[in-house]
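Read the structure below first, then the notes.
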Amino acid sequence: MKRLLLFFAIVQCTMLNCAFAQQSRTFSDDIRSLQLSVDGDPLVAPILELGKRQHLSIEFDELSHEYHRYIYHIEHCNADWTVTDGIFESDFLTGFNDQPIEDYENSFNTTQLYTHYRLTLPNNETRLRLSGNYRVIIFDDDDRDTPLLQAEFCIAEPSMSILASINGNTDIDFNQRHQQVTYSISYGANRIIDPLREIHTVVMQNRRQDNKVVDLKPNIIKSGGIEFTHQRALIFPAGNEFHKFEILDVEKPGLNVDNIRWYEPYHHATLYADRPARNYSYDEDQNGAFIMRNDVDDEVNETESEYLWVHFILESGQPLTGGDIYLYGQWCNGPFDPKCRMQWDEETRRYEAAVYLKQGYYNYMYLQKDGVSPDGNFFETENEYIILVYHRPQGGRYDKLVGYRVMKTRQ
């Protein structure tokens, strides 16, 4: 067990190499379509509430029909996603850790063979007792030195209230390119002695990890709470609405799909070419989410959906300044996933990328290394913001998640 814990500590330090680096992701090309959902809803942020009868599902595909005995290992983490070392496993977990995933099913009538796995928490073997951050690491029982994926989620015990607003009238421009978040936290019944040391906050836009604001210090401290107002760090580039496409049938194009063709041994779907936006145009999206589905039957989406090479095209006419172009959505392994990097084609004068994806509905955006999007920034853009509030009282051994707020700029 000591060897196992040491290994996971090494994995955490090498693969999560920056503070507050929360990210569900896969580490093997054979593992695809990782998705977390709360009570069956993949559009909901992966946050449960302590004591509520909620369930988190972690689902993924392995690209074969060979059986693999997959084991899940659960860790409790601090606010910055380092492993909590002040508590024992028995403090945060009731039952057993390192258990096999027993819910799996082979794909049926698909060109790409795969096995769909599902882990549900809590379950008969494992229940979680504390609030805070959790990481699930899954590995093959035959090779416990190689993690295949990690899934990260939160459990909250809301005891502090959060008042928040989002405004296009920011401290650097007025209804132009940015959105500013303002929020205040009320302690409720919590006894706070040193708020600057005890309370930690995280603010995310569309669940992105590259531009989230962590551990910001309040500029107003009162006896019953703290406030974060007129903070430059809480001014976010507003971005633009996500692009989207949908593939329900491999025989005919769906939403924003130009054509679907079969080239042995794969289906290929080419999307309509995008161009860098010059103006804002409202289009309802899901802020980077994706949903696995087909037009056969909602009950067999997981095992009767095909995989396709999806071809993305960004017609810019010339290479864009600001760094490489990447596709980004919640279906990627975070921002700047190497598999989602676009290549510049000098002959066609455009950026291109092909990603192997399962049938369904997808949101995506274009993102550059410097955080700029070629689609511009417009204050009208509808974005999702999540505020997380952690508390470690003096003498406490772990970071409690005592408050969270999910809100959109257009509600």
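Where a number appears in this text, it was derived from the coordinates with a stated rule and is not lab data. No experiment lies behind these values; they were computed from the predicted model shown. Glycine gets a Cβ as well: all are built from the backbone with ideal geometry, and neighbour counts include every protein chain shown.
Once backbone amide H atoms are built at 1.01 Å from N, residue 267 has 309 as its partners under 5 Å, excluding neighbours fewer than 5 places away on the same chain.
Binning the alpha carbon pair distances of segment 243-368 at 5 angstrom intervals from zero yields the distribution 2, 11, 20, 23, 21, 14, 6, 3, 1, 0, expressed in whole percent. Packing order of peptides 23-34, 89-100, highest average first: 23-34, 89-100 (average count of other Cβ atoms within 10 Å over each peptide's residues). FRET efficiency for the pair residue 256 and residue 368, taken as 1/(1 + (r/R0)^6) with r the Cβ-Cβ distance and R0 = 22 Å, rounds to 0.50.
Please identify every one of the trypsin sites (Lys or Arg not before Pro) in segment 260-296 that sits in a loop by DSSP and has no more than 16 other beta carbons within 10 Å of its own beta carbon.
Within segment 260-296, the qualifying trypsin sites (Lys or Arg not before Pro) (loop, at most 16 other Cβ atoms within 10 Å) are 278.
Cross-link reach is defined here as a Cα-Cα straight distance under 27 Å, omitting same-chain residues fewer than 8 places apart; for residue 252 the lysines meeting it are 244, 339, 358.
Over segment 2-156, what relative contact order in percent results from Cα pairs under 8 Å that are six or more residues apart?
Relative CO of segment 2-156 lands at 29 percent.
Here's the list of lysines a cross-link from residue 217 could span, going by alpha-carbon distance under 22 Å and ignoring same-chain residues fewer than 8 apart: 400.
When ranked by the protection proxy of mean other Cβ atoms within 10 Å per residue, highest first, what sequence do the peptides 354-364, 247-257 form?
Put in order of decreasing packing, that is 354-364, 247-257.
Couplings 3J(HN,Hα) of segment 304-320, computed from phi: 10, 8, 7, 9, 9, 7, 9, 9, 9, 9, 10, 8, 10, x, 7, x, 8 Hz, in residue order, whole Hz [Karplus 6.51 cos²θ - 1.76 cosθ + 1.60, θ = phi - 60°; x for Gly and Pro]. Dipole size of the chain about its Cα centre, with +1 on Lys/Arg Cβ and -1 on Asp/Glu Cβ: approximately 1980 debye, rounded to the nearest 20.
Under 16 Å from a label point set 7 Å out along the Cα-to-Cβ vector of residue 315, the amide N atoms of segment 259-274 belong to 259, 270-274.
Given the Cα-Cα distance of residue 169 and residue 229 and 0.36 nm per residue of separation, how much length would full extension add, in nm?
On the way: separation 60, 0.36 × 60 = 21.60 nm, distance 1.28 nm.
Between residue 169 and residue 229, full extension yields an extra 20.3 nm.
Put the Cα centre of segment 330-405 next to the Cα centre of segment 92-109 and the gap is 28 Å.
Using C-alpha pairs under 8 Å with a sequence gap of at least 6, the mean separation divided by the residue count of the chain gives a relative contact order of 17 percent. Peptides 67-73, 181-187, ordered by how many other C-beta atoms sit within 10 Å of their residues on average, highest first, read 181-187, 67-73.
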